[in-house]
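Reviewing the structure listed below.
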Amino acid sequence: MKTAAAAMALLLLLTGCSGQGAIGQAFPFETGPSGVSGPPADVKKARKSIETAAAALEELGVEGAAETGTELAESLDGASGEETEWYASWYAEPSAAAAAILMELGCGEWDENTWEWSPTSHQVYWFDAEVMNLDVMYTETLAGIQSITAEDASFTDIAEDVSGVDYEADSGTQTITFRCNGEPCRYDAEFQGDWLDEGFLVYMGKVLDRLESERCLYACFDGGQGYMLMWQTPAWAAKLQKATGLELTPAAGGLSSGWDLWSVL
């Protein structure tokens, strides 16, 4: 299912829902190529942005970045007409191209039969904050965070309590408890229907900040309704921003936009 992940990620960004939690976004244009607005896209510029982003990520040690960059460039070749305009508009800047590459690498895989998620990267985790499995949304998010912090953090005794949730009113409290390297942790999430309480990411940033590690949990808002998470050093994040313009924000300090969707559409 991963082969179409990048295209699906773009569609998720362009079809964000309003009125469903703080992360939900509404965009004033239609889904897909027919909804492209703004000046004509520069395909040559898009290719250059993809090349710049892929090379920078490869140099920084992101596995699979070059291959994924090639696939994104090929999406321009495989498109036609308005589709070309759509994709080229999306990849107009290196920051957007870098985000697209990381989203593709970190989206993981869903089992078509069980609908269980499994990671595809140990370096980046991307997820849509509008979830499918309401009762275990934080357990599944922890699995993604575990995939990128495995050498430094171990999450055990994970339990999710939904007894305080009113599903009909989309209200109440959903509590997740777990241990991080043996330390008891608890987060009382505000239930927002099928939306993750983004405060959980801030909480996890603070939990991981207590570890004796040079790294911290970085979060990058994807411009639509999801986040990319990375477990990296401040020096690494600074190099990424310098090379591509993509900003990573330490989750413990609060969440902010890593790049501006409106600047490329």
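The values are calculated or read from the model by the stated rules, or taken from the named source; none is laboratory data. In this text the structure is predicted, and so the values were computed from the model without any measurement. All Cβ positions, glycine included, derive from the backbone under ideal geometry; neighbour counts span all protein chains shown.
Data for the structure
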read-out: Looking only at segment 242-265, and only at residues there that are exposed (fewer than 15 other Cβ atoms within 10 Å of the Cβ) and closer than 14 Å to Ala96 by Cβ, the one that is modelled with the highest pLDDT; value: Ser257
read-out: Unmet criterion (only one of (1) over 22 Å from Pro184 (Cβ atoms); (2) out of contact with any Gly (no Cβ under 6 Å at 6 or more places or on another chain)) for Asp161; value: (1)
read-out: Condition broken by Ile176, with the remaining ones in (1) aliphatic (A, V, I, L, M); (2) in contact with a helix residue (DSSP H, G or I) (Cβ under 6 Å, 6 or more places away or on another chain); (3) loosely packed, with under 13 Cβ neighbours inside 10 Å satisfied; value: (3)
read-out: Given (1) farther than 20 Å from Gly193 by Cα; (2) in a helix (DSSP H, G or I); (3) of a type outside the set (Gly, Ala, Ser), index of the condition Arg179 fails; value: (2)
read-out: Sole exception among (1) more than 13 Å from the chain's Cα centre (by Cα); (2) not in a helix (DSSP H, G or I) for Met228, by number; value: (1)
